[in-house]
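Below is one structure; the comments refer to it alone.
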Amino acid sequence: MATSSEPFLLSSKGSTRASAYVFGNKVITLEGKTHVLWLDAISTVCGRTFDHATETWSEKVELFEGCDNHTNPSLALDADGHLHLAYGPHGWWGNWNSGCFKHVVSEKPNSIESWKDEVSFGYNATYACLITTPSGLDCIAYRGGDPPSPLMFQKQRPQGGWAPAQPIMHQDIAPQYTNVGATIVSDQEGTLYIAGHFYNLKTDARSTGVGALKSTDMGESWTNLAGESCDTPVLLNESVAVPHHGDGDIRLGGLALDASGSLWISSGNKGYGQLSNWTGESWRTIDLCAFLPEDRTADAGAIAIDTTGRIHMTVGLNIPVPQEESWGHGAQEVFHLVSDDAGNSFECTQISPSNEALPNWLPSISQGGIHQPIEHPVIVYTHGEKGVGCSPDTETDVYCVFID
């Protein structure tokens, strides 16, 4: 069903979160060139370009400096072929750029060599998910605001700059650490879909579920997927929840739209992974565990849908270990799942060479967009020690794999 290239070493100086945060797109392919971004230690946004005609890679280019290993470059593409990039902060941590993203546009179409039009925006921001919409304006979803940080939405203003941040999903809890997994996509008509999970420390350090909303007016108002009006920010409730089998730490893996505009959401918890499709009236849920190796634990994985309709996912699968040992465990490996029958079945293939000492993990996959259809997905992953904290000088290897 699908084949993959041998992993190509992009860098041997990667950050401990070089390819992390799947909601931030790291890959753009346009007119015979594939641009890949990642983080070198500790927080340097780097890129390389693959020329498909000559089958050669450019040299590594160091682009920008961010806050720490949460710098998370997030790429989008406009109608003229210019790349758009948001990157940088880790909320209020370290007060980098006053907790604001930096947003830039490539000087030339289809090139990462130089950038222009730097603008700062955001509110205690981190974990960017940037997209370009049919209006030509960018939108972003992220974790931000005051603790407990909600899922935030912002959009560019037609006259320039960015509109104020809007909280879209939140939790009614005392100030504490939260994670929202904020992810946003747009269809060709400009309808926005946004999703996130509801993780905090109060509920024994887990997420209680995943929710999704949509907007047909560029975020001026929001509804659930059935079109029923919602007052934002919403709490997790049945009308916005993505059904999930099993209890535990339920995390959002990713969003994707197929050619018909149908929404797909991947989610998972420790030991269970699923793919959910909103049919327009109800949810269809696909159990991914049946397609994964029996000796591996399932998890939420990033999702991409190519131009032929094939569904691709990438997941980092571990052997069964206690939850407190799972982060950065040496047995983690990267697997690719692909379905050519609308999720009824999947082929699962390990794409990272096995290494029991150090993990192959944090896989990201190409994210589609209105100007960036995916013909052949690209997976980027990290190999190396997990490091300690947010700013270790530990170096890792960063690999890239092309899927045919």
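Bear in mind that the values in this text are calculations on the coordinates, not laboratory data. Owing to the predicted nature of the structure, the values given are computational and were not obtained by experimental measurement. As a convention, Cβ positions derive from the backbone with ideal geometry for all residues, glycine included, and neighbour counts pool all protein chains shown.
Quick notes on this structure:
- For the chain, with +1 on Lys and Arg beta carbons and -1 on Asp and Glu, the positive-most of Gly273, Val234, Trp92 along the dipole: Trp92
- The alpha-carbon of Lys386 sits under 16 angstrom from the alpha-carbons of these lysines, leaving out residues fewer than 8 places away in its chain: Lys13.
- Within region 350-404, the GluC sites (Glu not before Pro) that combine a DSSP coil assignment with at most 16 other C-beta atoms in a 10 angstrom radius are Glu356, Glu375, Glu385.
- You can think of it this way: the chain between Val321 and Ser111 has 71.3 nm of extra reach, that is 0.36 nm per residue less the Cα-Cα gap.
- The residue among Leu9, Asn360, Val180 whose Cα reaches farthest toward the positive pole of the charge dipole of the chain, with charges on the beta-carbon of Lys, Arg, Asp and Glu, is Val180.
- Region 86-184: chymotrypsin sites (Phe, Trp or Tyr not before Pro) in DSSP coil with no more than 16 other Cβ atoms inside 10 Å: Tyr177
- This ranking places Ile173, Ile131 by how few other beta-carbon atoms lie within 10 Å of each, fewest first, which gives Ile173, Ile131.
- Count Lys and Arg as plus one, Asp and Glu as minus one, and take only other residues whose Cβ is under 12 Å from that of Asn277; the net charge is then -1.
- Summing +1 for each Lys or Arg and -1 for each Asp or Glu among the other residues whose beta-carbon sits under 9 angstrom from that of Val61 gives -1.
- Here's the list of lysines a cross-link from Lys202 could span, going by alpha-carbon distance under 22 Å and ignoring same-chain residues fewer than 8 apart: Lys270.
- Simple Cβ-charge dipole of region 8-402, Lys/Arg +1 and Asp/Glu -1, about Cα centre, in debye nearest 20: 520 debye
- Nonlocal amide H pairs with Trp92, under 5 Å, H built at 1.01 Å: none
- HN-Hα J in Hz across region 269-284 - Karplus 6.51, -1.76, 1.60, θ = phi - 60°, x for Gly and Pro: 9, 4, x, 8, x, 9, 10, 10, 10, 7, 7, x, 10, 7, 9, 10
- Where Rh is the Kirkwood radius over Cα pairs, Rg/Rh for the chain: 0.92
- Geometric extent, Cα atoms of region 214-276 - Rg, Dmax (angstrom): 13.2, 38
- Listed residues Glu281, Glu65, Glu118, most fluctuating in the chain (Gaussian network, C-alpha, under 10 Å): Glu281
- Cβ-based net charge around Trp264, under 13 Å, with every Lys or Arg adding one and every Asp or Glu removing one: -1
- In sequence order, calculated HN-Hα J values of region 221-231 (Karplus, 6.51, -1.76, 1.60; Hz; x Gly/Pro): 8, 9, 10, 6, 5, 7, x, 7, 4, 10, 8
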